1. Go over the candidates 124, 176, 144 one by one and state the one that is over 27 Å from residue 104 (Cβ atoms), among the acidic types (Asp, Glu) and modelled with pLDDT of 60 or more.
2. So which of 17, 27 is in contact with a Leu (Cβ under 6 Å, 6 or more places away or on another chain) and within 24 Å of residue 114 (Cβ to Cβ)?
3. So which residues in the stretch 4-21 are over 13 Å from residue 54 (Cα atoms) and in contact (Cβ under 8 Å) with a residue 24 or more places away in the chain?
4. Taking residue 102 and the conditions (1) in a loop (DSSP other than H, G, I, E, B); (2) open to solvent by less than 50 Å² (accessible area, probe 1.4 Å); (3) modelled with pLDDT under 75, which numbered condition does it fall short on, given that it satisfies the others?
5. Only one of 135, 131 is touching a Leu at 6+ places or on another chain (Cβ under 7 Å), open to solvent by less than 50 Å² (accessible area, probe 1.4 Å) and either part of a helix (DSSP H, G or I) or at pLDDT 70 or above (or both). Can you tell me which?
6. Kindly check whether there is at least one residue in the stretch 89-98 that is at pLDDT 90 or above and in contact with a strand residue (DSSP E or B) (Cβ under 6 Å, 6 or more places away or on another chain).
Amino acid sequence: MIQKAKILLVDDRPENLLALEAILSALDQTLVRASSGEEALKALLTDDFAVILLDVQMPGMDGFETAAHIKRRERTRDIPIIFLTAINHGPHHTFRGYAAGAVDYISKPFDPWVLRAKVSVFVELYMKNCQLREQAVLLRLQLEQGGGPSLGGGREPVGLLVELSARLAAVEEQAEALSKQLGESADAAAVATAAHLERKLTGLRRALDALEPGTGTDGSAIPSRD
């Protein structure tokens, strides 16, 4: 059973954090508070997050500096960041947000429905990636224990390959539905992330097909020797 995704909310004002929690509570995910950039970086040391909502205007380490630290870390560089700001300084300020690694830049006051919809897309992508990693781990463990596909008709490890193939098919179907849901009106970053997920799924499918009895390393059928 897949655990809930964690969403990091970073803002120095408690009332803003409370408002974000009220907006995102409908997603039924785990919401984690951070009242400063330093506190956010500390949380990122131990937990994995689907997306980060980061306030730009904070005393001490502001949102831009916090994002720069996040993107420099190997563990956290790929986590999507949505910048939130109460001040609109024009195109230059927005460009600075994207240059810092943000996937989106939203000015307050924002539409709660729009923010919730944007966050839900990244939560779904995170869940699909978690499922993909689980399938890869299961496959690797089975190959290490069984030494490769069995041709004797037993369940191990061929039986597990069939099970993994079925699970992967379910993930592929969900990923395809998500890509259609995004459509042309979705954020470019979300579309790119979805495409990256589909490429990973394609690679895993090819690996599984190549491991099935009677196929070569490229997934093609092996000619009979009879």
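The values are calculated or read from the model by the stated rules, or taken from the named source; none is laboratory data. It should be emphasised that the depicted structure is a prediction, and the values quoted were computed from it without experimental measurement. Note that each Cβ is placed from the backbone with ideal geometry, even for glycine, and that neighbours are counted across all protein chains shown. The accessibility values were calculated without ligands, DNA or RNA, using every heavy atom of the protein model including side chains. Shrake-Rupley method; radii C 1.70, N 1.55, O 1.52, S 1.80 Å.
1. 144
2. Only one candidate qualifies: 17.
3. 4, 5, 6
4. (3)
5. Exactly one residue qualifies, and that residue is 135.
6. No, the stretch 89-98 contains no residue that is at pLDDT 90 or above and in contact with a strand residue (DSSP E or B) (Cβ under 6 Å, 6 or more places away or on another chain).
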